[in-house]
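> Structure provided below as structure tokens; questions to follow.
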Amino acid sequence: MGGTPLIVFEASMNRIRAARQALGWTQNELAERADVSARTIHAVEKGTACRQATKRQILNALGVPWESRSDYFPTARMVRHRQMDEIRSA
């Protein structure tokens, strides 16, 4: 744990998966339309972070405006391990 905080993504509701399913698309179909790999779509739907360009490609394929990205891609929040805080305060 080299002192770097973990990045945790809120996974309250997977809007990417919901939007894809509403269109009746499989992960492979979305991947093809977004010009990314199916593995990327799978990872994104599980809450894994991705590059801004990838977000843009996926949102474009789904017909979602870029301005709505925060509704589909949760913002990362920093989480520190309790142990690291205790070490730093000692």
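The values are calculated or read from the model by the stated rules, or taken from the named source; none is laboratory data. If you're wondering where the values come from, they're calculated on a predicted model, not measured in any experiment. As a convention, Cβ positions derive from the backbone with ideal geometry for all residues, glycine included, and neighbour counts pool all protein chains shown.
> Please go through (1) modelled with pLDDT of 90 or more; (2) closer than 16 Å to N14 by Cβ; (3) out of contact with any helix residue (DSSP H, G or I) (no Cβ under 6 Å at 6 or more places or on another chain) for R51 and return the number of the only condition it doesn't satisfy.
For R51, the failing item is (2).
> Among the residues that make up the range 60-67, is at least one of them in contact with a strand residue (DSSP E or B) (Cβ under 9 Å, 6 or more places away or on another chain), at pLDDT 85 or above and not in a strand (DSSP E or B)?
The initial filter retains those residues of the range 60-67 that are in contact with a strand residue (DSSP E or B) (Cβ under 9 Å, 6 or more places away or on another chain), namely none.
No - not one qualifying residue is present in the range 60-67.
> If you check A49 against the conditions, is it in contact (Cβ under 8 Å) with a residue 12 or more places away in the chain and not basic (K, R)?
Working: in contact (Cβ under 8 Å) with a residue 12 or more places away in the chain: yes; not basic (K, R): yes.
Taking the combined requirement at face value, the residue satisfies it.
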